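Colleague: Let me begin by handing over the structure; questions about it come next.
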Amino acid sequence: ARVSLTDPEARMMRFADGAVRAGYNIQLAVAPGSGIILATQATDRRNDAGLVGGMLEQVKQRLGVVPQQVLVDTHYATKKDIVALAAQEIAVYTPVPPDKADANAESQRKRAWQRRREPDAIKAWRQRMADEVSKAVYQRRSRIETVNGILKGRGLGIMRVRSLAKVTCVVLLQALAHNLWRAHRLQAGAA
(Lines give C-alpha, C1' and ligand atoms only; values in the text may rest on other atoms or scores of the structure.)
Protein backbone atom coordinates (compact mmCIF):
# COMPACT_ATOMS: atom_id res chain seq x y z
CA ALA A 1 0.00 0.00 0.00
CA ARG A 2 1.21 3.48 -0.87
CA VAL A 3 0.47 6.29 1.57
CA SER A 4 1.33 9.97 1.52
CA LEU A 5 3.69 10.76 4.39
CA THR A 6 2.46 14.36 4.58
CA ASP A 7 -1.27 13.55 4.43
CA PRO A 8 -2.19 9.91 5.12
CA GLU A 9 -5.90 10.61 4.48
CA ALA A 10 -5.23 11.69 0.89
CA ARG A 11 -5.57 9.13 -1.87
CA MET A 12 -3.32 8.71 -4.89
CA MET A 13 -5.35 10.01 -7.86
CA ARG A 14 -4.83 10.77 -11.52
CA PHE A 15 -5.26 14.49 -12.23
CA ALA A 16 -6.26 16.35 -15.39
CA ASP A 17 -2.60 16.98 -16.27
CA GLY A 18 -1.99 13.21 -16.31
CA ALA A 19 0.07 13.18 -13.11
CA VAL A 20 -0.66 10.83 -10.22
CA ARG A 21 -0.39 12.44 -6.81
CA ALA A 22 -2.11 12.57 -3.43
CA GLY A 23 -5.39 14.44 -3.52
CA TYR A 24 -9.07 14.66 -2.71
CA ASN A 25 -12.18 14.50 -4.85
CA ILE A 26 -14.29 17.66 -4.51
CA GLN A 27 -17.94 17.62 -5.57
CA LEU A 28 -20.26 20.60 -6.00
CA ALA A 29 -24.02 20.85 -6.41
CA VAL A 30 -24.72 24.05 -8.33
CA ALA A 31 -27.97 25.72 -9.35
CA PRO A 32 -27.51 25.99 -13.15
CA GLY A 33 -29.43 29.24 -13.54
CA SER A 34 -27.75 31.32 -10.84
CA GLY A 35 -24.41 29.59 -10.38
CA ILE A 36 -25.02 29.42 -6.61
CA ILE A 37 -23.37 26.44 -4.90
CA LEU A 38 -26.04 24.45 -3.06
CA ALA A 39 -23.89 21.69 -1.53
CA THR A 40 -20.29 20.54 -1.37
CA GLN A 41 -18.57 17.27 -0.64
CA ALA A 42 -14.92 16.39 -0.23
CA THR A 43 -14.01 12.71 -0.36
CA ASP A 44 -10.96 10.54 -0.68
CA ARG A 45 -12.65 8.40 -3.34
CA ARG A 46 -10.94 8.23 -6.70
CA ASN A 47 -14.19 8.29 -8.62
CA ASP A 48 -17.50 9.98 -8.00
CA ALA A 49 -19.85 7.14 -8.96
CA GLY A 50 -22.83 6.91 -6.65
CA LEU A 51 -22.34 10.18 -4.77
CA VAL A 52 -25.51 11.84 -6.08
CA GLY A 53 -27.65 10.64 -3.15
CA GLY A 54 -25.50 12.33 -0.53
CA MET A 55 -25.44 15.59 -2.46
CA LEU A 56 -29.22 15.60 -2.87
CA GLU A 57 -29.61 14.94 0.86
CA GLN A 58 -27.47 18.02 1.59
CA VAL A 59 -29.59 20.12 -0.79
CA LYS A 60 -32.75 18.85 0.91
CA GLN A 61 -31.37 19.68 4.38
CA ARG A 62 -30.26 23.19 3.38
CA LEU A 63 -33.17 24.23 1.17
CA GLY A 64 -36.01 22.06 2.43
CA VAL A 65 -36.83 20.91 -1.10
CA VAL A 66 -35.52 18.30 -3.49
CA PRO A 67 -35.01 19.27 -7.14
CA GLN A 68 -37.21 17.63 -9.74
CA GLN A 69 -34.33 17.41 -12.22
CA VAL A 70 -30.69 16.56 -11.63
CA LEU A 71 -27.99 17.21 -14.23
CA VAL A 72 -24.98 15.06 -13.41
CA ASP A 73 -21.73 14.08 -15.05
CA THR A 74 -21.36 10.67 -16.66
CA HIS A 75 -21.25 7.87 -14.04
CA TYR A 76 -22.00 10.25 -11.13
CA ALA A 77 -25.41 8.62 -10.82
CA THR A 78 -25.25 4.84 -11.07
CA LYS A 79 -28.14 2.78 -12.42
CA LYS A 80 -29.07 2.01 -8.81
CA ASP A 81 -29.17 5.77 -8.10
CA ILE A 82 -31.31 6.41 -11.17
CA VAL A 83 -33.85 3.81 -10.00
CA ALA A 84 -33.87 5.24 -6.45
CA LEU A 85 -34.28 8.82 -7.71
CA ALA A 86 -37.05 7.81 -10.09
CA ALA A 87 -38.94 6.44 -7.09
CA GLN A 88 -38.70 9.97 -5.62
CA GLU A 89 -39.90 11.42 -8.96
CA ILE A 90 -36.53 13.02 -9.70
CA ALA A 91 -35.51 12.97 -13.36
CA VAL A 92 -31.81 12.28 -13.89
CA TYR A 93 -30.11 13.83 -16.90
CA THR A 94 -26.81 12.12 -17.59
CA PRO A 95 -25.49 10.71 -20.84
CA VAL A 96 -26.20 7.09 -21.66
CA PRO A 97 -22.91 5.29 -22.29
CA PRO A 98 -22.70 4.35 -25.97
CA ASP A 99 -22.84 0.70 -27.00
CA LYS A 100 -19.75 -0.78 -28.61
CA ALA A 101 -20.26 -0.57 -32.33
CA ASP A 102 -17.99 -3.53 -33.07
CA ALA A 103 -19.80 -5.96 -30.75
CA ASN A 104 -20.36 -9.42 -32.19
CA ALA A 105 -23.81 -10.93 -32.64
CA GLU A 106 -23.68 -12.85 -29.35
CA SER A 107 -22.80 -9.70 -27.38
CA GLN A 108 -25.62 -7.77 -29.07
CA ARG A 109 -28.06 -10.58 -28.21
CA LYS A 110 -26.96 -10.56 -24.54
CA ARG A 111 -27.23 -6.76 -24.41
CA ALA A 112 -30.78 -6.87 -25.82
CA TRP A 113 -31.69 -9.61 -23.30
CA GLN A 114 -30.32 -7.47 -20.41
CA ARG A 115 -32.09 -4.34 -21.65
CA ARG A 116 -35.46 -6.13 -21.73
CA ARG A 117 -34.98 -6.99 -18.03
CA GLU A 118 -33.88 -3.55 -16.87
CA PRO A 119 -36.08 -1.69 -14.38
CA ASP A 120 -38.64 0.68 -15.88
CA ALA A 121 -36.73 3.66 -14.47
CA ILE A 122 -33.63 2.73 -16.49
CA LYS A 123 -35.71 2.24 -19.64
CA ALA A 124 -37.32 5.65 -19.07
CA TRP A 125 -33.87 7.23 -18.55
CA ARG A 126 -32.55 5.73 -21.79
CA GLN A 127 -35.64 6.94 -23.66
CA ARG A 128 -35.47 10.41 -22.06
CA MET A 129 -31.79 10.88 -22.95
CA ALA A 130 -32.41 9.87 -26.58
CA ASP A 131 -34.74 12.90 -26.93
CA GLU A 132 -33.27 16.13 -28.32
CA VAL A 133 -35.05 18.20 -25.64
CA SER A 134 -33.32 16.20 -22.89
CA LYS A 135 -29.98 16.59 -24.61
CA ALA A 136 -30.57 20.35 -24.63
CA VAL A 137 -31.41 20.23 -20.91
CA TYR A 138 -28.17 18.34 -20.25
CA GLN A 139 -26.18 20.98 -22.14
CA ARG A 140 -26.95 23.40 -19.28
CA ARG A 141 -24.59 21.31 -17.17
CA SER A 142 -21.66 22.94 -18.96
CA ARG A 143 -22.42 26.14 -17.02
CA ILE A 144 -21.45 24.31 -13.86
CA GLU A 145 -17.94 23.79 -15.22
CA THR A 146 -17.61 27.57 -15.15
CA VAL A 147 -18.07 27.45 -11.36
CA ASN A 148 -15.36 24.79 -11.13
CA GLY A 149 -13.06 26.99 -13.18
CA ILE A 150 -13.76 30.06 -11.04
CA LEU A 151 -13.00 28.15 -7.85
CA LYS A 152 -9.79 26.71 -9.27
CA GLY A 153 -8.77 30.21 -10.30
CA ARG A 154 -9.28 31.29 -6.70
CA GLY A 155 -6.94 28.60 -5.39
CA LEU A 156 -9.16 25.57 -4.84
CA GLY A 157 -7.10 23.50 -7.29
CA ILE A 158 -4.23 22.93 -4.87
CA MET A 159 -4.95 22.30 -1.20
CA ARG A 160 -2.59 23.95 1.25
CA VAL A 161 -4.04 21.99 4.19
CA ARG A 162 -3.86 18.36 5.24
CA SER A 163 -6.70 16.02 6.31
CA LEU A 164 -10.20 15.54 4.98
CA ALA A 165 -11.73 17.71 7.73
CA LYS A 166 -9.53 20.69 6.84
CA VAL A 167 -10.08 20.21 3.11
CA THR A 168 -13.84 20.20 3.76
CA CYS A 169 -13.49 23.50 5.64
CA VAL A 170 -11.55 25.06 2.75
CA VAL A 171 -14.18 23.90 0.26
CA LEU A 172 -17.00 25.31 2.40
CA LEU A 173 -15.22 28.66 2.77
CA GLN A 174 -14.63 28.79 -1.00
CA ALA A 175 -18.31 27.98 -1.60
CA LEU A 176 -19.42 30.68 0.84
CA ALA A 177 -17.18 33.29 -0.79
CA HIS A 178 -18.38 32.24 -4.24
CA ASN A 179 -22.03 32.44 -3.22
CA LEU A 180 -21.57 35.92 -1.74
CA TRP A 181 -19.88 37.05 -4.96
CA ARG A 182 -22.65 35.49 -7.11
CA ALA A 183 -25.40 37.03 -4.95
CA HIS A 184 -23.77 40.45 -5.32
CA ARG A 185 -23.48 40.00 -9.09
CA LEU A 186 -27.07 38.77 -9.42
CA GLN A 187 -28.37 41.63 -7.28
CA ALA A 188 -26.47 44.14 -9.40
CA GLY A 189 -28.04 42.59 -12.51
CA ALA A 190 -24.71 41.61 -14.03
CA ALA A 191 -25.38 37.85 -14.18
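Colleague: Looking at I122, I82, I144, can you tell me which residue is more than 18 Å from the chain's Cα centre (by Cα), buried (at least 16 other Cβ atoms within 10 Å of the Cβ) and in contact (Cβ under 8 Å) with a residue 40 or more places away in the chain?
Modeller: I122
Colleague: I'd like the full set of residues that are part of a loop (DSSP other than H, G, I, E, B) and either open to solvent by less than 70 Å² (accessible area, probe 1.4 Å) or small (G, A, S) (or both), limited to segment 85-100.
Modeller: I90, T94, P95, V96, P97, listed by residue number.
Colleague: State which residue pairs qualify: first residue within 15 Å of T40 (Cβ to Cβ) and inside segment 156-167, second residue of a type outside the set (A, V, I, L, M, F, W, C) and open to solvent by 70 Å² or more (accessible area, probe 1.4 Å) in any location, beta carbons under 6 Å apart, and separation of 6 or more residues or different chains.
Modeller: Listed by first residue and then by second, the contacts come to L164/E9.
Colleague: Only strands (runs of 3 or more DSSP E) wholly contained in segment 1-80 count here; list those with 1 or more residues that are under 21 Å from R182 (Cα atoms), small (G, A, S) and in contact with a strand residue (DSSP E or B) (Cβ under 9 Å, 6 or more places away or on another chain).
Modeller: The strands (runs of 3 or more DSSP E) meeting that bar are 25-30, 37-43.
Colleague: In addition: Can you tell me which residues in segment 25-42 are among the hydroxyl-bearing types (S, T, Y) and modelled with pLDDT of 90 or more?
Modeller: T40
Colleague: Let me ask another. Mind checking which residues of segment 110-151 are assigned to a helix (DSSP H, G or I) and in contact with a helix residue (DSSP H, G or I) (Cβ under 6 Å, 6 or more places away or on another chain)?
Modeller: A121, I122, W125, R128, S134, L151
Colleague: Right, here's the next one. Filtering segment 101-111 down to residues that are surrounded by 10 or more Cβ atoms within 10 Å (Cβ to Cβ) and of a type in the set (G, A, S), which residue is farthest from Q88 (Cα to Cα)?
Modeller: Result: A103.
Colleague: Please enumerate the residues belonging to segment 44-64 that are within 16 Å of A175 (Cβ to Cβ) and open to solvent by 80 Å² or more (accessible area, probe 1.4 Å).
Modeller: Those that are within 16 Å of A175 (Cβ to Cβ) and open to solvent by 80 Å² or more (accessible area, probe 1.4 Å): Q61, R62, L63.
The values are calculated or read from the model by the stated rules, or taken from the named source; none is laboratory data. All figures in this text were calculated on a predicted structure; none of them were measured in a lab. Note that we place each Cβ from the backbone using ideal geometry, even for glycine, and neighbour counts take in every protein chain shown. When the accessible area is computed, the model is the full protein with side chains, heavy atoms only, and any ligands, DNA or RNA have been set aside. Shrake-Rupley method; radii C 1.70, N 1.55, O 1.52, S 1.80 Å.
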